[in-house]
Amino acid sequence: MDKFIIEGGKPLRGSLEVGGAKNCALPVLFATLLAPKKHVVGNVPRLHDMESTLKMLVHFGCSVDQRHSRAYGSDWIVDAAGLNTSEAPYDLVRKMRASFLSLGPLLVRRGQARVSLPGGCAIGARPVDLHLMALEKLGARIEQKSGYVEAKLPQGRDRLKGTTVIFPLVSVGATENLVMAATLAEGTTVIENAAKEPEIRDLCESLISMGARIQGHGSSKILVEGVPELGAMNFRIPPDRIEAATYLIGAQLTGGDVTVKGANAEDLGVVLDYLEQTGAKVTRSAEGVRVESSPVVKPVDVVTAPFPGFPTDVQAQWMALMTIADGDSVVTETIFENRFMHVPELRRMGAQLDVVGSSVRIKGRPRCLEGAPVMATDLRASACLILAGLGAKGETSVKRIYHLDRGYESMENKLQSLGAQVERSADT
Ligand code: EPZ
């Protein structure tokens, strides 16, 4: 297992390219299963989660050609004509729970699907009841047996049937599984209380490139008019708003000045507004987003919420910033039930944090962080601890960097290009 060794105290200065969005690439790559064609997916980030997705697509019988023509990211040609199974096995799904997004595509392409239940993860139970409710509304017959979901088309029919589906709570994954299945259903599906995350908007654009008929994506009401078949996808993965947010928060935390080229200010929305409230100067342009740090970081409370609210995937990184703010703040997590595992690790670095229910009260003190050995517990906690290490006095070692590698491409190289002193080493 690898670790990062960080010598803190150096401001991040310069510019970097943001990569393709992990949480867009995942559903988009599973959407290629919907048509037996050669699909082109550009700007796929080189991440461990993408390696897991590759294994899954190959398991399904697809052939995948990856072209690395740039320093970061790659273009994938996915030939889904070879799809020859309807089963997503436990030993693959357990390694990446987003594989559950193969359920909708397999069901409507193969007429049936047997997908392992993904189980929980470090940050929460991660139920899939809304995915199953939505597909049953479209007529799917669903059973759960020995840790698997078994789904079949309606008795005597060769397609699902479009209808209205109202989600009782916003779910990114359930919206994605439903939209993908609805593209090949008979008739129109109306989705109410759909997730509005940019990744939903972008997944729908990739489906439209295949000939799907979708409207309202990016809003809470999505209309999908089913078609008998889809064609080849031709889509470029848009920039990763969470990766961009991570580096921009790092600029303010380290007293630096960073431009994230390719970042979409619209998709970063409230995060940029909150960075401005801490005192940073934020410049939005066609080239990307620039954050120039302020001498003092003002404390700003956040409450995570579905888009366009403050993203839960930026909560841990924001907490790192608030630990060195000049005053007290409160960070409240409303999406997942166990997403504070970075708190004890930040305490080891000198942060003053009190967990009260689903909130953390932070006593911010400038320059309070001291380097220490800490352990990553999940993807965004890893990013939080690295940011804290960059802003701490002395040396920080962040163990179990495999968590980070799931969602950040070559973070050590990108940070080094911004002047950080960070090295990856084997954690013997
Ligand atoms: C996606 O997870 C992202 N993952 C997560 O990013 C992100 O944190 C999350 O959306 C929220 O924005 C991918 O896109 C691969 P949800 P997802 O369904 O789809 C409950 C990262 O760090 N729920 O929107 O699993 C659920 O328990 C990862 O990149 C049900 O109750 O999230 C949670 O409380 C972490 N039943 C809430 O909804 C269901 O059937 C939101 O979950 C589904 C979800």
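Could you tell me which of rounded, prolate or oblate describes the range 37-116, using a ≥ b ≥ c as the square roots of the eigenvalues of the alpha-carbon gyration tensor, with rounded for a/c under 1.5 and, failing that, prolate when a/b is larger than b/c and oblate otherwise?
Working: a/c = 2.54, a/b = 1.50, b/c = 1.69.
Judged from the Cα gyration tensor, the range 37-116 comes out oblate (a/c at least 1.5, b/c at or above a/b).
Counting only DSSP beta bridges with both residues in the chain, what percent are antiparallel, rounded to the nearest 5? Display every interim value, and only then the final one.
Working: 60 of 82 bridges.
Roughly 75 percent of the beta bridges in the chain run antiparallel, per DSSP.
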Requested in this report: Enumerate the residues in the range 291-324 having an amide nitrogen under 15 Å from the point lying 7 Å beyond the Cα of Val330 toward its Cβ.
Outcome: 300-304
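Kirkwood hydrodynamic radius for the range 292-428: how many Å is it when counted over pairs of different Cα atoms?
Taking the inverse mean of 1/r over all distinct Cα pairs, the range 292-428 comes out at 15.2 Å.
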Query raised in the report: If you take the Cα Rg of the range 86-204 and divide it by 2.2 N^0.38 Å, with N the number of residues, what do you get?
Result: 0.99
Report task. Specify the angular offset, from 0 to 90 degrees and rounded to the nearest 10, of the alpha carbon long axis of helix 241-253 from the longest principal axis of the alpha carbons in the chain. Result -> 10 degrees
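Residue separation times 0.36 nm, minus the C-alpha to C-alpha distance between Glu395 and Arg46: what's the value?
On the way: separation 349, 0.36 × 349 = 125.64 nm, distance 2.81 nm.
Length difference between fully extended and current span is 122.8 nm.
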Query raised in the report: Dimensions of the range 205-310 along principal axes (Cα, Å, largest first)?
Result: 59, 27, 17
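Could you work out the relative contact order of the chain? I mean the mean sequence separation of Cα pairs under 8 Å and 6+ apart, divided by the number of residues, in percent.
Numbers: 1082 pairs, mean separation 90.0, N = 428.
It comes to 21 percent, rounded to a whole number.
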Requested in this report: With a bin width of 5 angstrom, please list the P(r) values of the range 154-279 as percents of all Cα-Cα pairs, from the 0 bin to the one holding the largest distance.
Outcome: 2, 10, 17, 17, 14, 12, 10, 7, 5, 3, 1, 1, 0
Report summary line: The set of residues whose placed amide H lies less than 5 Å from the amide H of Leu184, leaving out same-chain residues fewer than 5 positions away, is Val227
Query raised in the report: Percent antiparallel among DSSP beta bridges with both residues in the range 240-351, to the nearest 5?
Result: 75 percent
Report summary line: For the chain, longest principal axis from Cα atoms; helix 379-391 axis from its Cα atoms; angle between them, nearest 10 degrees, is 20 degrees
Query raised in the report: Under a no-solvent Debye model with one identical scatterer per Cα of the range 295-352, what's log10 I(q)/I(0) at q = 0.15, 0.19, 0.22 Å⁻¹?
Result: -0.43, -0.68, -0.88
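Evaluate the Kirkwood expression for the hydrodynamic radius of the range 22-236, namely the inverse of the mean inverse distance over all pairs of different C-alpha atoms, and round to one decimal in Å. Don't jump to the answer; show the numbers that get you there.
Values: mean 1/r = 0.0594 Å⁻¹.
By the Kirkwood definition, the hydrodynamic radius is 16.8 Å.
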Report task. Sort the range 1-149 into rounded, prolate or oblate with this rule: let a ≥ b ≥ c be the square roots of the eigenvalues of the Cα gyration tensor; rounded if a/c is under 1.5, and if a/c is not under 1.5, prolate when a/b is larger than b/c, oblate otherwise. Result -> oblate
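So for the range 22-236: antiparallel DSSP bridges make up what percent, rounded to the nearest 5? Mind dumping the intermediate values first?
Details: 29 of 39 bridges.
Approximately 75 percent, going by the DSSP bridge assignments.
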Query raised in the report: Rounded to the nearest 0.05, what FRET efficiency is calculated for Val355 and Asp2 with R0 set to 25 Å and r the Cβ-Cβ distance?
Result: 0.30
Query raised in the report: PRE reach from Ser220 (point 7 Å along Cα→Cβ): which of the range 184-200 fall under 15 Å by backbone N?
Result: 191-197
Query raised in the report: When the distances between all Cα atoms of the chain are binned every 10 Å from zero, what whole-number percent does each bin get?
Result: 5, 22, 31, 24, 14, 4, 0
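Net charge near Leu153: determine it from the other residues with C-beta under 13 Å of the C-beta of Leu153, scoring Lys and Arg +1 and Asp and Glu -1.
Numbers: positive: Arg109, Arg110, Arg141, Lys152, Arg157, Arg159, Lys161; negative: Glu136, Glu150, Asp158, Glu186.
Taking every other residue near Leu153 into account, the sum is +3.
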Query raised in the report: Taking amide H positions as placed 1.01 Å from N in the peptide plane, with prolines and chain starts having none, which residues 5 or more places from Gly364, or on another chain, fall under 5 Å of its amide H?
Result: Gly327, Asp328, Ser329
Report task. May I ask you to give the average projected area over all directions of the convex hull of the Cα atoms of the range 225-378, in nm² rounded to one decimal? Result -> 11.6 nm²
Query raised in the report: What's the angle, to the nearest 10 degrees (0 to 90), between helix 22-31's Cα axis and the longest principal axis of the chain?
Result: 10 degrees
Query raised in the report: For Ala305 and Tyr402 in one chain, what is 0.36 nm times their gap in residues minus the Cα-Cα distance, to one decimal in nm?
Result: 32.2 nm
Query raised in the report: Which distance in Å, rounded to a whole number, links the C-alpha centroids of the range 378-419 and the range 320-369?
Result: 18 Å
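Values in this text are rule-based calculations from the coordinates and carry no lab data. What you see is a predicted model; the values in this text were computed from it and never measured. Cβ coordinates were reconstructed from backbone atoms using ideal geometry, including for glycine residues, and neighbour counts include every protein chain displayed.
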